[in-house]
Each structure stands twice: as C-alpha cells, then as structure tokens.
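Data first, discussion second: the structure below is written as structure tokens.
The values are calculated or read from the model by the stated rules, or taken from the named source; none is laboratory data. Note that the coordinates shown come from a computational prediction; the quantities given were computed from them, not determined experimentally. All Cβ positions, even for glycine, are placed from backbone atoms using ideal geometry, and neighbour counts span all protein chains on display.
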Amino acid sequence: MNVQDALHARRSVRAFLPRVPEAAVVRSMLHSAARAASGGNLQPWRVSALTGAPLAQLLEVVALAEPKDGPTGTSYPPSLWEPYRSRRFENGEDLYRTLDIGRDDKPARLNQLARNAQFFGAPVGIFVSVDARMGLAQWADLGIYLQSLMLLAVEQGLATCAQGFWRRFGDTLAAQLALPQGYEVAFGIALGWEDVNAPINRLRATRADPGEWLDLQGF
C-alpha cells in the first residue's frame with residue numbers, strides 16, 4: 001500500500017470488534033509514528049497506550065468523572081462561522097442518519113456521544129499528551145504524529161478514530177495516566193479492527209472542493 005492509498009482509505013471508525021491487535025504491531029506503529037516531522041526536533045508528544053484491564057479500569061473512572069468546561073474541553077471554536085459551521089453540521093447529520101437518529105431524539109444523540117467515553121468499543125485506547133507550556137507549533141507536531149500513526153494503522157488493516165473528546169477529562173486522565181506535572185491530554189485515539197457490519201461505519205465524510213481552499217501560483 002502506498003501513501004496515497006492509505007490517505008484515501010483512512011477514515012474515522014466508530015464501532016470496533018473486541019479482537020485485540022498484536023502487541024508487537026501496536027508497539028511498532030507507535031514507535032514508527034515518532035518519525036513524524038517536528039520543529040526543532042522537540043518531539044513534544046508523550047504517548048500512553050492501554051488495553052485489557054488497565055483500559056477497562058480507566059474507562060470506569062472516567063464514567064464517574066465530571067467533564068471539564070471551558071476552551072480546553074472543547075473541540076471547536078465558539079459560534080463557529082461559515083463554511084466550517086455547515087461542514088460540521090452536515091457531518092453530524094450524516095453520522096446520526098446512519099443510526100436512524102432524528103434531530104429531535106436528544107436522548108439517542110447523547111447516548112451516541114457517550115460512546116466516545118468507551119473508545120467506541122475499541123480494544124486499544126491511546127492518549128497523546130503534551131507539556132502545557134508548549135505552543136501552537138508544537139500542537140501542530142502532535143497532529144503530524146497523529147496522522148502518521150493513523151496511516152500506519154491503515155497499512156496494518158486496522159481502524160482508528162481520533163478524539164478531541166478526551167480533553168473534557170484532562171485532570172482525571174492526567175491522574176490515571178500518571179502524567180508528569182504540567183502535562184495535559186491533547187487527544188485520544190481509538191484503535192482496533194473495524195466492525196464492518198455496524199451501520200455507523202457506513203459514514204463517508206465528504207471533502208471540500210480544492211477550489212475552496214487551494215491557491216496555486218506559477219503552476
């Protein structure tokens with residue numbers, strides 16, 4: 001599989017099989033993703049991967065924790081503007097449509113949202129953390145690590161879902177993961193084998209036409 005094929009195959013999966021990937025495969029992907037580009041070679045990521053009893057214990061603690069309010073616990077800017085507002089709205093409606101959940105069925109929507117806190121049933125939960133003193137440039141490095149890891153997962157036939165959701169439980173996760181002082185969780189990643197029979201995995205997110213965002217000069 002080449003890089004372009006992996007890019008087109010990668011997508012967010014929200015229902016997994018209980019089968020656990022081989023430890024050596026997971027370890028190799030986590031190590032190889034660290035070849036991601038990093039400004040000044042800071043390599044600002046800190047990665048925690050859990051499965052089995054440690055993952056189950058962490059999820060039990062999170063289930064009893066209060067989510068964090070404020071900007072660090074959110075994934076989008078407030079009062080999102082166009083064209084981003086429409087893109088997010090369309091994506092959400094497409095997702096709930098796969099589950100036959102209507103706009104007025106708030107209990108069902110909240111129940112699906114709560115699936116985030118279970119890694120959507122994935123047998124491996126990964127957390128990427130960063131020293132809170134780092135800036136936007138280092139957060140960009142985290143994104144490069146994330147993309148590298150997700151493409152490596154595609155190569156192995158595995159599925160992923162990147163989740164900013166976990167920032168809502170920053171303090172709880174920092175304690176459970178025994179993070180160094182001053183570190184915070186940037187995002188979580190669900191990893192495992194896709195449940196191809198789950199309706200929600202039929203979702204295929206669209207991409208904007210390059211004419212909306214691409215400026216070519218001199219080509």
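Determine, yes or no, whether residue 56 is of a type in the set (A, V, I, L, M) and in contact with a Ser or Thr (Cβ under 6 Å, 6 or more places away or on another chain). Against the criterion (of a type in the set (A, V, I, L, M) and in contact with a Ser or Thr (Cβ under 6 Å, 6 or more places away or on another chain)), residue 56 does not qualify.
So residue 65 passes all but one of these: (1) within 28 Å of residue 20 (Cβ to Cβ); (2) assigned to a helix (DSSP H, G or I); (3) not polar (S, T, N, Q). Which condition number does it fail? Result: residue 65 fails condition (2) only.
Within the range 122-142, at least one residue is more than 29 Å from residue 40 (Cβ to Cβ), in contact (Cβ under 8 Å) with a residue 24 or more places away in the chain and not aliphatic (A, V, I, L, M). Summed over the range 113-133, the residues that are buried (at least 20 other Cβ atoms within 10 Å of the Cβ), aliphatic (A, V, I, L, M) and over 18 Å from residue 27 (Cβ atoms) give a count of 1. Filtering 172, 160 for residues that are in contact (Cβ under 8 Å) with a residue 40 or more places away in the chain and not in a helix (DSSP H, G or I) leaves a single hit, 160.
Scoring residue 204 on the criteria (1) over 17 Å from the mean Cα position of the chain (by Cα); (2) of a type in the set (D, E, K, R); (3) at pLDDT below 95 leaves a single failure, condition (1). The residue of the range 119-170 that is farthest from residue 49 (Cα to Cα), among those that are aromatic (Phe, Trp, Tyr) and out of contact with any Lys or Arg (no Cβ under 6 Å at 6 or more places or on another chain), is 139.
Could you tell me which residue of the range 31-56 is farthest from residue 144 (Cα to Cα), considering only residues that are surrounded by 12 or more Cβ atoms within 10 Å (Cβ to Cβ) and of a type in the set (S, T, N, Q)? Checking each candidate, the answer is 51. Look at the range 94-126 and say how many of its residues are among the charged types (D, E, K, R), more than 21 Å from residue 168 (Cα to Cα) and within 19 Å of the chain's Cα centre (by Cα). Qualifying residue count for the region: 1.
Only one entry in 75, 129 is within 14 Å of the chain's Cα centre (by Cα) and part of a loop (DSSP other than H, G, I, E, B), namely 75.
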